[in-house]
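The values are calculated or read from the model by the stated rules, or taken from the named source; none is laboratory data. Values in this document were obtained by computation on a predicted structure and should not be read as measured data. As a convention, Cβ positions derive from the backbone with ideal geometry for all residues, glycine included, and neighbour counts pool all protein chains shown.
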Amino acid sequence: MVSLLLMGAAGLLIGGAYSLRSQEFPRWVWIAFLALAGLALVAAYLFTLPGD
């Protein structure tokens, strides 16, 4: 369940980054959004791994 929420958050962050880029915000802002989206996807993957 947590992984689905993180994937949804990553999708929203990617959409936000695309929107910010099209509105010509500074490059570092939308790159930060993409970096956070990537971290959310990595965290979602790690939540799917079996634990001890």
Exercise. Only one of these is buried (at least 16 other Cβ atoms within 10 Å of the Cβ) and either part of a helix (DSSP H, G or I) or among the acidic types (Asp, Glu) (or both): Ala32, Ala37. Name it.
Key: Ala37
Self-check item: Where a residue in region 37-51 is modelled with pLDDT of 90 or more and its partner, wherever it lies, is of a type outside the set (A, V, I, L, M) and surrounded by 12 or more Cβ atoms within 10 Å (Cβ to Cβ), with Cβ under 6 Å and at least six apart
Solution: Ala44/Ser3; Phe47/Ser3; Thr48/Ser3
Quiz item: Among the numbered criteria (1) more than 12 Å from the chain's Cα centre (by Cα); (2) modelled with pLDDT of 95 or more; (3) not hydrophobic (A, V, I, L, M, F, W, C), which single criterion is violated by Arg21?
Solution: (2)
